[in-house]
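> Below are the structure tokens for one structure; questions will follow.
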Amino acid sequence: MTILGIESSCDETAVALVSYASGRFSVLRDLVASQAKIHAKYGGVVPEVAARNHSMALIPLIKKALGKKRPDVLAVTSGPGLITSLLVGVQTAKTLSYLWKKPMIGVNHIEGHLYANFVSEQAIRFPAVVLIVSGGHTELLLMKGHGRYELLGSTRDDAAGEAFDKGAKILGLGYPGGPALSRLAQQGDASRYPFPRPMLDVPGFEFSYSGLKTSLLYRVLEMKKKRIQFTNRVIADLCAGYQDAIVDILVSKTARALRAHSVHSLICGGGVMANSELRKRLSGLLADSFPGVSLYYPSPRLCTDNAVMIAAAGAFHAIKKMPRMDAWKKIDVSAQWELAAKKQSV
Ligand code: KG4
Ligand code: ZN
């Protein structure tokens, strides 16, 4: 089975061609046209501009990925994300599905981040705790099997990636500043400027990051008032302290989820999982406290938005139940599509 993956939920237009045979994935094409430079001058993603650029980039990328080939199935991100950006990918996929008479699957973007792990490893054992950390989402889930999720907790305000990006903006590191902030943090001393760890004393698995960004802003303003020089050393130390707080919260809440649920695996994904400090700290957590739990995270390339992960998630849906040829008629975009609901406690 060959699957054409299409991703256009935010500011990356991505197309991938993946084949799945005898329980193994092969990535035949993995193309990403990033709009990061276009949005950098606005300091954030401008939805209208993103949608316009998706519509210009998508067809050429599909042509490049396929050549004269036709996929067996199409998998497209249909939510959550920016509605106009999602529409470009979904309408294109619907048109192709109709023209080529090939079935189509609408994939949840969060599920895509999770399934990035299955591209290279299918023998992941369930149940698993899942940590998804991206620019738009911070979620802990309990995964009982393929497609079976329960939400443990998510962020009440900003996502972890947003905290990285907003922190970077305050420090003048450009957009999206997460990677730049984490690079500088590697050279800094995290103990020089400690930051608060919101929500750690609140039971449960919820996150909150907006207060952290505000505390960085106040600290920077106070330092400016005191005429402290923002040397490379000072900026690196601020980055290290700030990153330490973000990572600490993620690791502590994940540890709490692992203590509360007896699982075989911890599966992580999303752009923030490209962060080397977070990868290191989660590996350390499992080695020290949960040696029986296997840790999975994708290569940095498959952590950030891509279409291979969408094709992989689509493949699992198709294996379970191949959609009808006219499935496209019922697929619609959903800007707020929740992957799973929280279990109600009685
Ligand atoms: O998954 P993703 O590509 O897009 C969304 O679905 O949101 O995640 C993008 C986020 C951005 O906030 C970006 O700053 C962050 O991931 N990110 C990082 C790193 N690489 C990407 N944050 C911290 N350290 C990194 N190395
Ligand atoms: Zn994403």
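The values are calculated or read from the model by the stated rules, or taken from the named source; none is laboratory data. What you see is a predicted model, and the numbers here were worked out from it, not measured in a lab. Glycine gets a Cβ as well: all are built from the backbone with ideal geometry, and neighbour counts include every protein chain shown.
> Need the failing condition index for Gly174 against (1) within 15 Å of ligand 1 (Cβ to nearest atom); (2) on the phi < 0 side of the Ramachandran plot, just the number.
Among (1) within 15 Å of ligand 1 (Cβ to nearest atom); (2) on the phi < 0 side of the Ramachandran plot, Gly174 violates only (2).
> Just checking, does region 199-219 include any residue being touching a residue at least 40 places away in the same chain (Cβ under 8 Å), hydrophobic (A, V, I, L, M, F, W, C) and part of a strand (DSSP E or B)?
Scanning region 199-219 turns up at least one residue that is touching a residue at least 40 places away in the same chain (Cβ under 8 Å), hydrophobic (A, V, I, L, M, F, W, C) and part of a strand (DSSP E or B).
> Among (1) of a type outside the set (Ser, Thr, Tyr); (2) part of a strand (DSSP E or B); (3) without any contact (Cβ under 8 Å) to a residue 24 or more places away in the chain, there is one condition Met143 misses while meeting the rest; what is its number?
It is condition (3) that Met143 fails.
> Does any residue of region 91-102 turn out to be within 16 Å of ligand 1 (Cβ to nearest atom) and at pLDDT 95 or above?
So far as region 91-102 goes, no, none of its residues is within 16 Å of ligand 1 (Cβ to nearest atom) and at pLDDT 95 or above.
Residue-wise test of (1) over 17 Å from the mean Cα position of the chain (by Cα); (2) more than 15 Å from ligand 1 (Cβ to nearest atom).
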{"position": "Cys10", "(1), (2)": "no, no"}
{"position": "Val15", "(1), (2)": "no, yes"}
{"position": "Tyr20", "(1), (2)": "yes, yes"}
{"position": "Arg29", "(1), (2)": "yes, yes"}
{"position": "Val32", "(1), (2)": "no, no"}
{"position": "Pro47", "(1), (2)": "yes, no"}
{"position": "Arg52", "(1), (2)": "yes, yes"}
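> Taking interchain pairs and intrachain pairs at least six residues apart, which have beta carbon atoms under 9 angstrom, with the first residue in region 288-316 and of a type in the set (D, E, K, R) and the second more than 12 Å from ligand 1 (Cβ to nearest atom)?
Hits for this filter: Arg301/Asp30; Arg301/Val308.
> Filter region 63-80 for residues that are of a type in the set (A, V, I, L, M) and closer than 16 Å to His317 by Cα; which is farthest from ligand 2 (Cβ to nearest atom)? So that I can check it myself, show each step before the final result.
In the first step, residues of region 63-80 are kept if they are of a type in the set (A, V, I, L, M); the result is 65-66, 73-76.
If we keep only those that are closer than 16 Å to His317 by Cα too, we end up with 73-76.
Working: Val73: 21, Leu74: 19, Ala75: 15, Val76: 14 Å.
Selected residue: Val73.
> Under 9 Å between Cβ atoms, which residue pairs at least 6 apart in sequence (or on different chains) link something in region 223-247 that is in contact (Cβ under 8 Å) with a residue 24 or more places away in the chain and surrounded by 10 or more Cβ atoms within 10 Å (Cβ to Cβ) with a partner that is assigned to a helix (DSSP H, G or I) and of a type in the set (Phe, Trp, Tyr)?
Tyr242/Phe164; Gln243/Phe164; Ile246/Phe164
> Considering every residue within region 115-130, establish whether at least one is surrounded by fewer than 23 Cβ atoms within 10 Å (Cβ to Cβ) and hydroxyl-bearing (Ser, Thr, Tyr).
Among the residues of region 115-130, at least one is surrounded by fewer than 23 Cβ atoms within 10 Å (Cβ to Cβ) and hydroxyl-bearing (Ser, Thr, Tyr), which makes the answer yes.
> Quick check on region 81-104: of everything there that is more than 16 Å from ligand 2 (Cβ to nearest atom) and of a type in the set (Ser, Thr, Tyr), which residue is farthest from Ser334 (Cα to Cα)?
That would be Tyr98.
To keep it simple, each residue is scored yes or no on (1) away from ligand 2 (no atom under 16 Å from the Cβ); (2) within 19 Å of Val272 (Cα to Cα).
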| position | (1), (2) |
| --- | --- |
| Glu162 | no, yes |
| Asp165 | no, yes |
| Leu171 | yes, yes |
| Arg192 | yes, no |
| Leu200 | yes, no |
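> Next question, about the same structure. Which residue out of Arg24, Arg29 is surrounded by fewer than 18 Cβ atoms within 10 Å (Cβ to Cβ), of a type outside the set (Asp, Glu) and over 24 Å from Gly177 (Cα atoms)? Walk me through how you get there before you give the answer.
Numbers: Arg29 fails: surrounded by fewer than 18 Cβ atoms within 10 Å (Cβ to Cβ).
Going through Arg24, Arg29 in turn, just one is surrounded by fewer than 18 Cβ atoms within 10 Å (Cβ to Cβ), of a type outside the set (Asp, Glu) and over 24 Å from Gly177 (Cα atoms): Arg24.
> Report the residue count in region 115-132 for those that are under 19 Å from Leu286 (Cα atoms) and within 11 Å of ligand 2 (Cβ to nearest atom).
So the count comes out to 1.
> Could we say that Glu111 is of a type in the set (Asp, Glu) and part of a helix (DSSP H, G or I) here? Write out each step before concluding.
Numbers: of a type in the set (Asp, Glu): yes; part of a helix (DSSP H, G or I): yes.
The answer is yes for Glu111.
> Give the number of residues within region 268-302 that are away from ligand 2 (no atom under 15 Å from the Cβ) and crowded, with 21+ Cβ neighbours inside 10 Å.
2
> I need a count of the residues in region 259-285 that are more than 11 Å from ligand 1 (Cβ to nearest atom), under 19 Å from Ile246 (Cβ atoms) and part of a helix (DSSP H, G or I). Walk me through it before giving the result.
Of all residues in region 259-285, those more than 11 Å from ligand 1 (Cβ to nearest atom) come to 259-268, 280-285.
If we keep only those that are under 19 Å from Ile246 (Cβ atoms) as well, we get 266, 268, 280-285.
Checking which are part of a helix (DSSP H, G or I) leaves us with 280-285.
Residues meeting the conditions: 6.
> Could I ask something else about it? Considering Tyr149, Tyr175, which residue is over 27 Å from Lys320 (Cα atoms) and among the aromatic types (Phe, Trp, Tyr)?
Numbers: Tyr149 fails: over 27 Å from Lys320 (Cα atoms).
Unique residue meeting the criteria: Tyr175.
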